[in-house]
Amino acid sequence: MRYVVTADEMRAIDAATIDDIGIPGAVLMETAGRRVVEAVCQELESNPAAAPRVAVVCGAGNNGGDGYVVARVLRERGVNAAVFLASAADRVRGDARLHFDAYDKCGGVVLSIASPAALAEQREAIETADVVVDAVFGTGLARDVGGHYRDVIDAINRATGRIVAIDIPSGLSADTGEVLGIAARADRTVTMAFLKLGLAVAPGYARCGEVSVAEIGIPQGLGAAHSIRVGLLERSDLAALVPVFGLLDHKNRRGHVLVVAGSPGKRGAARLTAMAALRSGAGMATIAARWSGELQIPDPVMTAELDADDARAGDTLRALAGGKSAVAMGPGMVVSEGGKRLVHAVLSDLELPLVMDADALNHLGADLAPVADSSSPVILTPHPGEAARLLGSTSADIEGDRIAAVRALAEATRAVVVLKGARTLVCDGIAGDGFVTVNPTGSPALATAGSGDVLTGVIAALAAQGLSPADAARLGVYCHGLAGDRVSAEVGVWGVVATDLIPEISPALRDLSSDRASAL
């Protein structure tokens, strides 16, 4: 798992490297700049031009300091590079000043864009450069970008060449990934030492292009020492979690998922959940719902009668849960007082792993106590709208800081929470440590009706096979995303439907399992 840090955590790690380890800040800046030069040279090689030009757009801070190193080293290598300085030169201080002066003494070209008139004069040079290096703002930006700097970032975004951002695209919040008024849209981002939160989560990751983490001399052990609480999932994290089947296994050993889902007109949701559970390795799946002749259930899936509005529905549910390994509840579920009572009955009466999605979450409303008090290990899988209802908030609030939202919901429910969306998040409220994992797999192909129902089935099946709730959630979202990636690679993202995902779940698990085998 790759550590992902906030701006404050990165500042603390920088300070520890300089003050405790003894590596000067100017040395770190020199190394950082040289790592960016490697990326710029790769861009120039990939997009050859007769006489390539590189525009390095610098601010007054340390991000600009990295930029001066980039321009100096590029010129040493014979590349036509120039610094476009967005601030007054006398505002450049500290280590950045040292490298500004070194660049100047080596004959470097500095072109001022510190005023509207100066920017207007140099706009064409920036916008027509073969590579533009964005070194305006770093991770310390905490306010909306306005005024003249807004125009500077706009000029970067209008460039016809490739845009390489240093550490983080200027204008992007390092902690939430939100655009602070305006932000550079990079083709490539070279970030230093550790991945930054704003580069890993939505919406920020979509503005960063290809992201690489540059080693600049900061010890990686400082991440653990500073108790980093966010990690980006990697294949190696998930390979060891894929269930292994023995030669003597049979269907009962592989787990039986009870799917409490579907209602007249919404049978498809239950079918998707059940079939996804079977494709994820569960030995059996039974859909429990009220039937009215619209069966059309795939042959491997069993059915049972469960009328949520019947006064004895709770007793029926308890009986159906006997011998089951996990419960998936909510997709296409009946919306009624009976459905609400059934949700509360599951939480109060069962002790099986429980995955709650869709209308099971809507039946909870903002009353989270039944989840927190449940003796079942619970996994909640809300999309932002559902999460907003659970927290008494708005979708905009949830999307404004997804990390804070998933932590708040996990803490309030003492459940594992899967906050769906681009770069799905998982927070383990059962462990209670607030650690959040970011899932990097998936594509716009997953933005289709029923995709969440498939995910519910995948997670429930993995829990039924003995994975802990947190591991089932992490492997589930990763595998679900891989299935989407596989479909996208074959047919593109246009017109993908949820049923296309289900056949790709087993191959995705197989590929992850082969990673483990090759590592042995």
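The values are calculated or read from the model by the stated rules, or taken from the named source; none is laboratory data. Just so we're clear, the structure is a prediction, and the values are computed from it rather than from any experiment. All Cβ positions, even for glycine, are placed from backbone atoms using ideal geometry, and neighbour counts span all protein chains on display.
For the reader, a short list of remarks on this structure follows.
- Qualifying residue in the stretch 292-311 (condition: within 31 Å of the chain's Cα centre (by Cα), assigned to a strand (DSSP E or B), assigned by TED's automatic domain parsing to the domain that holds Val454 and on the phi < 0 side of the Ramachandran plot): no
- Where strands (runs of 3 or more DSSP E) fall wholly inside the stretch 44-144, the ranges with 2 or more residues that are free of Cβ contacts under 8 Å to residues at least 40 places away in the same chain and not charged (D, E, K, R) are 80-85, 110-112.
- Within the stretch 367-408, considering residues that are assigned to a helix (DSSP H, G or I), of a type in the set (D, E, K, R) and in contact (Cβ under 8 Å) with a residue 60 or more places away in the chain, the one farthest from Leu462 (Cα to Cα): Glu399
- Of all residue pairs spaced 6 or more apart or on separate chains, those with beta-carbon atoms under 7 Å, a first member in the stretch 465-476 that is under 11 Å from Ile430 (Cβ atoms) and a second member that is part of a helix (DSSP H, G or I) and among the aliphatic types (A, V, I, L, M) are Pro469/Ala463; Ala473/Ile459.
- Total residues in the stretch 231-287, condition surrounded by fewer than 24 Cβ atoms within 10 Å (Cβ to Cβ), of a type in the set (S, T, N, Q) and under 30 Å from Asp433 (Cβ atoms): 1
- Wholly within the stretch 190-282, strands (runs of 3 or more DSSP E) carrying at least 1 residues that are under 23 Å from Glu9 (Cα atoms), basic (Lys, Arg) and in contact with a Phe, Trp or Tyr (Cβ under 7 Å, 6 or more places away or on another chain): none
- Put simply, of Asp249, Asp299, Asp309 the only residue that is within 21 Å of Asp357 (Cα to Cα) and of a type in the set (Asp, Glu) is Asp309.
Each row is one residue, and each column tells you yes or no for (1) out of contact with any Gly (no Cβ under 7 Å at 6 or more places or on another chain); (2) of a type outside the set (Ser, Thr, Tyr); (3) in contact (Cβ under 8 Å) with a residue 40 or more places away in the chain.
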residue: Gly221; (1), (2), (3): yes, yes, no
residue: Arg229; (1), (2), (3): no, yes, yes
residue: Leu232; (1), (2), (3): yes, yes, yes
residue: Lys251; (1), (2), (3): no, yes, no
residue: Ala270; (1), (2), (3): no, yes, yes
residue: Thr273; (1), (2), (3): no, no, yes
residue: Ser280; (1), (2), (3): no, no, yes
residue: Glu305; (1), (2), (3): yes, yes, no
residue: Asp309; (1), (2), (3): no, yes, no
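- Boolean, Gly466 is modelled with pLDDT of 95 or more, on the phi > 0 side of the Ramachandran plot and under 21 Å from the mean Cα position of the chain (by Cα): no
- Restricting Ala129, Ala118 to those that are at pLDDT 95 or above, surrounded by 19 or more Cβ atoms within 10 Å (Cβ to Cβ) and out of contact with any helix residue (DSSP H, G or I) (no Cβ under 7 Å at 6 or more places or on another chain) reduces the list to Ala129.
Listed here are the residues, each with its yes/no results for (1) over 21 Å from Pro353 (Cα atoms); (2) of a type in the set (D, E, K, R); (3) part of a helix (DSSP H, G or I).
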| residue | (1), (2), (3) |
| --- | --- |
| Gly457 | no, no, yes |
| Gly466 | no, no, no |
| Gly476 | no, no, yes |
| Asp485 | yes, yes, yes |
| Ser488 | yes, no, yes |
| Asp511 | yes, yes, yes |
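- Residue identified as at positive phi, assigned by TED's automatic domain parsing to the domain that holds Asp349 and touching a Gly at 6+ places or on another chain (Cβ under 9 Å) among Arg389, Arg423: Arg423
- For the stretch 424-452, a residue qualifies if it is in contact with a strand residue (DSSP E or B) (Cβ under 9 Å, 6 or more places away or on another chain), outside any strand (DSSP E or B) and either of a type in the set (Phe, Trp, Tyr) or crowded, with 22+ Cβ neighbours inside 10 Å (or both), and the qualifying residues are Thr424, Gly429, Phe435, Asn439.
- Meets criteria (at pLDDT below 95, in contact with an Asp or Glu (Cβ under 7 Å, 6 or more places away or on another chain) and not charged (D, E, K, R)) for Ala239: yes
- Taking the conditions (1) small (Gly, Ala, Ser); (2) more than 19 Å from Ser212 (Cα to Cα); (3) in contact with a strand residue (DSSP E or B) (Cβ under 7 Å, 6 or more places away or on another chain) in turn, Ala15 satisfies each one other than (3).
- Filter result for the condition that a residue is at pLDDT 95 or above, over 19 Å from Leu467 (Cα atoms) and not assigned by TED's automatic domain parsing to the domain that holds Pro203, over Ala319, Ala345, Ala326: Ala319
- In the stretch 477-491, the residues that are more than 20 Å from Asp237 (Cβ to Cβ) and free of Cβ contacts under 8 Å to residues at least 24 places away in the same chain: Ala489, Glu490, Val491
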